[in-house]
Amino acid sequence: MFSELVKATRSYRNFDPAVRLTDEQLSYLIELCRFTPSTANSQSIKFAYANSEEACEKVFSILGWAGYLTDKLPYDGNVPAAYILVCYDTSICKEIEIDAGICAQTIVLGAMDMGFGACMLGSFNKEKAAEIFALPEHIKPRLVIALGRPKETVEVVDIKDGDVKYYRDGKEKHFVPKRPLSEIMLPKAE
């Protein structure tokens, strides 16, 4: 069951804006991170979220989407219904990339388990994010997770000729090339 959840979890870039995420649903996703591993158990990752249409418009305006594609995504009217901002609390410890990644993947898997899709975005204006969310100086934005009901199909395909660039087939289908196991598995230790 877990393997099916992992295989179905993709980066979605088009959403049904009519399906909103509630404060309770977003709090649930953030609370999942309380139970994740943390370097030296520092628990320095903090979160903020936006789910009102007005706040979501502000967050959307500072994001960079799908660098490999020439299409402007999300398509008009297919914007996310909510965002979770993943931050470091530098008063606890310095930035620890792995902790942010663990929490972000936990949120994305939790969202998929609830029937929502997500997209992690590292390409965004961090200074503007700090302003939008009124963050104190010691809280540093690292990732934005866009959330909503997917309004597209994302399919994993085998990589061809070493090309890892994702691509689209019209407006409804997104393809993500993945390396086969034989290319990612190194020899076992003897």
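Worth pointing out:
- Looking only at residues of the range 46-92 that are among the charged types (D, E, K, R) and under 19 Å from residue 34 (Cβ atoms), we find that the one that is surrounded by the fewest Cβ atoms within 10 Å (Cβ to Cβ) is 89.
- Of the residues making up the range 15-56, those that are in contact (Cβ under 8 Å) with a residue 40 or more places away in the chain, in contact with a strand residue (DSSP E or B) (Cβ under 7 Å, 6 or more places away or on another chain) and either assigned to a helix (DSSP H, G or I) or of a type in the set (S, T, N, Q) (or both) are 26, 29, 30, 33, 44.
- Checked against (1) in contact with a strand residue (DSSP E or B) (Cβ under 7 Å, 6 or more places away or on another chain); (2) over 25 Å from residue 164 (Cβ atoms), residue 1 passes all but condition (1).
- Failed condition for residue 125, given (1) in contact with a Ser or Thr (Cβ under 7 Å, 6 or more places away or on another chain); (2) within 29 Å of residue 33 (Cα to Cα); (3) not basic (Lys, Arg): (1)
- For residue 3: the one exception among (1) out of contact with any helix residue (DSSP H, G or I) (no Cβ under 6 Å at 6 or more places or on another chain); (2) of a type outside the set (Lys, Arg); (3) touching a residue at least 12 places away in the same chain (Cβ under 8 Å); (4) in a helix (DSSP H, G or I): (3)
- The range 149-178: number of residues that are part of a loop (DSSP other than H, G, I, E, B), out of contact with any His (no Cβ under 8 Å at 6 or more places or on another chain) and within 19 Å of residue 8 (Cβ to Cβ): 2
- Verdict on residue 94 being charged (D, E, K, R) and assigned to a loop (DSSP other than H, G, I, E, B): yes
- Verdict on residue 80 being of a type outside the set (Phe, Trp, Tyr), more than 21 Å from residue 149 (Cβ to Cβ) and in a loop (DSSP other than H, G, I, E, B): no
- Only listed residue being within 18 Å of the chain's Cα centre (by Cα) and either modelled with pLDDT under 85 or exposed (fewer than 12 other Cβ atoms within 10 Å of the Cβ) (or both), chosen from 137, 183, 172, 155: 155
- Pair list, Cβ < 8 Å and 6+ apart or interchain, from the range 66-94 residues that are free of Cβ contacts under 8 Å to residues at least 60 places away in the same chain to residues that are loosely packed, with under 13 Cβ neighbours inside 10 Å and of a type in the set (A, V, I, L, M): 93/40
- Selection within the range 4-32: residues that are of a type in the set (A, V, I, L, M) and over 24 Å from residue 68 (Cβ atoms). The member of this set that is surrounded by the most Cβ atoms within 10 Å (Cβ to Cβ) is 29.
- Residues of the range 102-124 classified as farther than 14 Å from residue 29 by Cα and surrounded by fewer than 15 Cβ atoms within 10 Å (Cβ to Cβ), total: 2
- Only a single criterion out of (1) touching a residue at least 12 places away in the same chain (Cβ under 8 Å); (2) over 17 Å from the mean Cα position of the chain (by Cα) is not satisfied by residue 130, namely (1).
The values are calculated or read from the model by the stated rules, or taken from the named source; none is laboratory data. In this text, all values refer to a predicted model and were calculated from it rather than measured experimentally. Don't worry about glycine lacking a Cβ; one is built from the backbone with ideal geometry, like all the others, and counts go over all protein chains shown.
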